[in-house]
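Here's the structure we're looking at; comments come further down.
The values are calculated or read from the model by the stated rules, or taken from the named source; none is laboratory data. Model, not experiment: these values are computed from the prediction. Please note: Cβ atoms are built from the backbone with ideal geometry, for glycine as well, and neighbour counts cover all protein chains shown. When the accessible area is computed, the model is the full protein with side chains, heavy atoms only, and any ligands, DNA or RNA have been set aside. Shrake-Rupley method; radii C 1.70, N 1.55, O 1.52, S 1.80 Å.
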Amino acid sequence: MKVLPVRLRSLVVAFVAGLVALSLGTSSVNAAGTAGGEWVENSLGLELSSAILIDADTGQVVYEVNADEPRPPASMTKMMTEYIVLEQIKSKALNWDEMITVSEEAANTPKDGSQVYLAQGEQYKVKDLYMAMAVGSANDATIALASAIGGSEQGFVEKMNETAQKLGLSSAHYTSATGLADTTVISARDQAKLAQIIIKNDPDFLEYASTTEYKFRPRDDKPIVNINWMLASNKSNTYLKAFAYDGVDGMKTGYISAAGYTFTGTVKRGDQRYISVVMNTKSKEARFNETAKLYNYAFNSLEKKTVIPAKSVVEKAETVKIKKGVKKSVPIITESDISLIVKKGTEPKVELTGYELKKPEELVAPIKAGQVVGTATYKYTDEQGKALEKTVNLIASKDVKKASWFALMFRGIGGFFSGLFNGIVDLF
């Protein structure tokens, strides 16, 4: 057996050791996230700590990974700040052209994150500060708005937590307006729920979130550039077109060391809109690549199907009793349809789990067609055995006029004698 020279043997050993180290290193990265906590195994091969994908219209969860673990959201925190500002605009507590004076704490925002370099005492319009926050994730602009609304950032944080409670975001705990604090936490599920609320309540938000660049000051050399590389409008950008995804028009990225790279996104194609959240991915590029996996899964494998059409008659609840009408009851139907996101090619089945009708005392003629008279609840169980309940209003299918006093009098007399007769019969 021929023995290799010492120098050649050393090179071979070093090469093999390098391959082993590389293999071990790769295994380690695949097993553990970048900001504490392990990546969770999942069927899509996502490398992250938690994720969720929901139907924006109904909130139906179509994919999730460890979605209930509260984690630092980093700058995705600003979505709550953005929501509160929009609510202030709607209530007329603020207006877009109102001038905000930069507070001392806004001017002293830590310089290790995104900012537009505000100086204490400067004045800017609400709209400009908002766009700096929504497009460029500017921390100082965010704190300027927060301190204007709450008196201080901490005062605004109290408002953030109160709002989270009202919205039912049970996992959310905010300690800053920007997300720079690693003590702020929220689950992927609640983050997606917040995104859904924003889109439903303030659809104009997507106009701001999808702006690719914004000139904050006339004197600035360059505009603020949107950090969301997935925006569909980036398809014409030489450097970002590899990440641009058809239909993406929001919403917010984030990064601090404790959170890893995070992203709340939304995509719309045709009538279908999805909302996604990914938390603790390994790089700024990965957060978009992992999100693209979710969207590809949704558009390639899923479809929306109507399982209960609008104006359907519900089994065992075909009519409801009313009082003082020319008829003693009225036929009822479903107010709207029930649609589900399901695997393409499948025929989903739902079962009626219950219905609740208003009492006759609550339904006094005249009754109008379309008047809500009760609810019906259906249950759908997906392929993974997860149950989803949907409740739909039941409505009167036609008008019922109030009976004349003469008819009501004879009906009352008839009821009296009927009761009297039954009472006599009960004596024997």
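Numbers below:
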read-out: The chain - accessible surface per residue (Å², probe 1.4 Å); value: 51
read-out: Helix-derived mean residue ellipticity, 222 nm - over the chain, DSSP H n ≥ 4, -39500 (n - 2.57), to 500; value: -10500 deg cm²/dmol
read-out: Principal-axis tilt of helix 78-90 within the chain, Cα atoms, nearest 10 degrees; value: 50
read-out: Net lengthening on full extension, residue 58/residue 349 (0.36 nm per residue, minus Cα-Cα); value: 103.0 nm
read-out: Computed FRET value (nearest 0.05) for residue 104 with residue 372, which takes r as the C-beta separation and R₀ as 35 Å; value: 0.10
read-out: Pair residue 123, residue 386: separation of 7 Å Cα→Cβ label points (nm); value: 5.1
read-out: Crossing angle, helix 284-301 versus the chain [Cα axis fit, 0-90 degrees, rounded to tens]; value: 40
read-out: GNM result for the chain, Cα springs below 10 Å: residue of 315, 104, 290 fluctuating most strongly; value: 315
read-out: Share of alpha-carbon pairs per 5 Å distance bin for the stretch 161-297, given as whole %; value: 2, 10, 17, 22, 21, 16, 9, 3, 1
read-out: The stretch 300-394, Rg to Rh (Cα coordinates; Rh as Kirkwood inverse mean 1/r); value: 1.09
read-out: Helix axis angle, 405-425 relative to the chain longest principal axis, alpha carbon, degrees; value: 80
read-out: Among 174-183, 40-49, the order from most to least packed when residues are scored by Cβ within 10 Å on average; value: 174-183, 40-49
read-out: Full-stretch length increase - residue 68, residue 379 - with 0.36 nm per residue and alpha-carbon distance subtracted; value: 109.7 nm
read-out: Packing-based ranking, highest mean first, of 266-277, 148-159, 70-81 given that Cβ atoms within 10 Å are counted; value: 70-81, 266-277, 148-159
read-out: The chain: relative contact order as a whole-number percent, Cα under 8 Å and 6+ apart; value: 13
read-out: Values of log10 I(q)/I(0), in the order q = 0.19, 0.22, 0.25 Å⁻¹, for the stretch 46-128 under a Debye, Cα-only, solvent-free model; value: -0.99, -1.12, -1.28
read-out: For peptides 212-221, 226-235, sequence by mean Cβ density within 10 Å, most packed first; value: 226-235, 212-221
read-out: Fraction of accessible area attributable to carbon and sulfur, the chain (%, probe 1.4 Å); value: 53
read-out: When the convex hull of its Cα atoms is projected in every direction, mean area for the chain (nm²); value: 36.4
read-out: Inter-probe distance in nm under a simple model that places probes 7 Å from Cα toward Cβ, at residue 241 and residue 269; value: 2.0
read-out: Euclidean distance of C-alpha centroids, the stretch 169-226 and the stretch 249-291, integer Å; value: 12
